[in-house]
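Working notes for the structure below.
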Amino acid sequence: MSASSTEERVLHNYFRSSASYRVRIALNLKGLDYRYVPVHLNRNGGEQFSAEFKALNPHALVPVFAEPGVQLTQSLAILEYLDEKYPQAPLLPASVEDRAYVRQLALAVACEIHPLNNLRVLKYLSGTLGVSDAAKNDWVQHWIRLGLAALEAELARSPRRGVFCFGDTPTIADCCLVPQLFNAQRFNVDLGDYPTLAAIDRACQALPAFAQAHPARQPDSE
Ligand SMILES: N[C@@H](CCC(=O)N[C@@H](CS)C(=O)NCC(=O)O)C(=O)O
């Protein structure tokens, strides 16, 4: 059960944003209700650039998470906060070594793949640098494939892998991987090349916490 009412816990986010999707999964895994505040990243030139939103996050990026006493940006910081504040359904393993390993996997997605394909990067490529749509798609697919191939190699050989990235309960690594795989499919990257990652994705999607966090199930979904 949640410690606060839905009105007190708020997630400013966008249905298709993978950083937002990570946090929705974690909130669901922990059984925490929240108020969904949509921020449309394309409409009106991008609602993330409004003065109102930039007062919440000067970086003009979703998600922003807030509950009494705390307002946070950066999805990984939010996931770690939730895990420390609400220890039910832990998102990190027990030992310090295993926790570092799980963070390593999560950061491989969050630092090495996702930032290169963020909306503002793609807008800069096509708008400022005049890159064609075909070249922009090549860019996106290149960085996704490079990152996913490395993760596939890493996880395929990992003795710590279970049904999920680490063992048989979901961790922050799965919270990051699943949205990245959704993103990959949006950009026509075939998951058949990554059988280990695809199997983890299927295991995650079978859990209501992941299924309910899916972009297609959100109130602002188009
Ligand atoms: N490292 C940040 C990334 C946040 C981020 O890049 N959010 C994207 C959506 S996934 C965004 O708001 N993009 C808006 C833009 O590029 O203008 C996090 O993990 O929260």
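Per-residue answers, yes or no, for (1) out of contact with any helix residue (DSSP H, G or I) (no Cβ under 7 Å at 6 or more places or on another chain); (2) of a type in the set (S, T, N, Q); (3) within 17 Å of Y194 (Cα to Cα):
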site	(1), (2), (3)
A108	no, no, yes
Y124	yes, no, no
G127	yes, no, no
A134	yes, no, no
W143	no, no, yes
L146	yes, no, yes
L151	no, no, yes
V163	no, no, yes
D168	yes, no, no
Can you spot a residue in the stretch 50-72 that is within 9 Å of the ligand (Cβ to nearest atom) and in a helix (DSSP H, G or I)?
no
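Let's see how each residue does on (1) outside the structural domain of D193 (by TED's automatic domain parsing); (2) under 20 Å from G31 (Cα atoms); (3) not aromatic (F, W, Y):
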| residue | (1), (2), (3) |
| --- | --- |
| L72 | yes, yes, yes |
| D83 | yes, yes, yes |
| R103 | no, no, yes |
| L107 | no, no, yes |
| T128 | no, no, yes |
| W143 | no, no, no |
| A153 | no, no, yes |
Considering only the stretch 74-127, how many residues are of a type outside the set (K, R), exposed (fewer than 14 other Cβ atoms within 10 Å of the Cβ) and under 23 Å from P208 (Cα atoms)?
3
When you look at L119, is it within 14 Å of the ligand (Cβ to nearest atom), within 17 Å of the chain's Cα centre (by Cα) and in the same structural domain as L191 (by TED's automatic domain parsing), yes or no?
yes
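The values are calculated or read from the model by the stated rules, or taken from the named source; none is laboratory data. None of these values were measured; they are calculated from a predicted model. Note that each Cβ is placed from the backbone with ideal geometry, even for glycine, and that neighbours are counted across all protein chains shown.
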